[in-house]
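Novice: This is the structure I have questions about; it appears just below.
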Amino acid sequence: MPKTKLFILFLFLSMHISCSKDKATNNNDTGVIRWDFTTLDGWVDGSQNNAGPDNYEIIDGNLRIQTIPQSRDRAKVRTVEKKYGAGRYTWRIYIPAMGIGDQCSIGAFLYSDDQHELDFEAGYGKLADRTALNAQEDDLILFTTSQDSPYYSSKHLLKKEEWHDFTLEISYISAEEKLYQVQWLVDDEVIDQQNLLYGIGTDFYIFCSVENLEFLGDHIPYQVNYALFDFVEYEP
């Protein structure tokens, strides 16, 4: 085969392979990005308090994150890049039965800095919160939170031992202001909404976490608590 034709064939194959790799992350021309957790490519450790890579692993196409008992583990992974802004973010997570009274949170959240963070955090919950919400045996407590700008937090019931889709829908309040509005959805149902004091120009890391945090229980965890993350998806 002539050298010119060989070069053209090589160029075509190279472009095809490159496009195939792109499609593994970018699903289509709309720019949707999806991580299915067959690997942790595109993610790095974001843990605190002595937690780290020993706290998570890929099992059967799911990311399993756990904390150990009698600790203040804060096990987290985050995207390598801090470049995600307005759009729709979805985490599909298996929420297990958590230790009764354990101070542990399963988290799906966006973080830019301490004044710009949006969260889902699920756990057993304090007895006072469970009583106020009339939580049943199969219920956990779910917090929907803006950590600042403005601070906002609300509590909801969430069924345990089920897969749930947790979605943050970030849009602009108006074309003129370019400020963000956020909606929190569980299984495609809007459960909360808040106007934010920031917007265009604020980009986020995407996080998955399991952390032994005091506000979601009455005592330091007595058991291993975990969550399974099936996928994370971002749609601009």
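The values are calculated or read from the model by the stated rules, or taken from the named source; none is laboratory data. Keep in mind that this is a model prediction, so the values were computed, not measured. With ideal geometry, Cβ positions are generated from the backbone for all residues, glycine too; neighbour counts draw on all protein chains shown.
Novice: In the stretch 38-94, which strands (runs of 3 or more DSSP E) lie fully inside it and hold 2 or more residues that are out of contact with any Leu (no Cβ under 6 Å at 6 or more places or on another chain) and closer than 17 Å to residue 106 by Cα?
Specialist: 56-59, 62-67, 74-79
Novice: Mind checking which residues of the stretch 191-208 are in a strand (DSSP E or B), exposed (fewer than 15 other Cβ atoms within 10 Å of the Cβ) and among the hydrophobic types (A, V, I, L, M, F, W, C)?
Specialist: 197
Novice: From 197, 185, grab the single residue that is modelled with pLDDT of 95 or more, over 26 Å from residue 32 (Cβ atoms) and of a type outside the set (Gly, Ala, Ser).
Specialist: 197
Novice: What tally of residues in the stretch 119-172 results from selecting those that are buried (at least 20 other Cβ atoms within 10 Å of the Cβ), part of a loop (DSSP other than H, G, I, E, B) and of a type in the set (Gly, Ala, Ser)?
Specialist: Qualifying residue count for the region: 1.
Novice: For the structure I just gave you, tell me whether residue 200 is β-branched (Val, Ile, Thr), over 19 Å from residue 113 (Cβ atoms) and over 17 Å from the mean Cα position of the chain (by Cα). Please lay out each step first, then the result.
Specialist: Numbers: β-branched (Val, Ile, Thr): yes; over 19 Å from residue 113 (Cβ atoms): no; over 17 Å from the mean Cα position of the chain (by Cα): yes.
No; evaluated as a whole, the condition is false for this residue.
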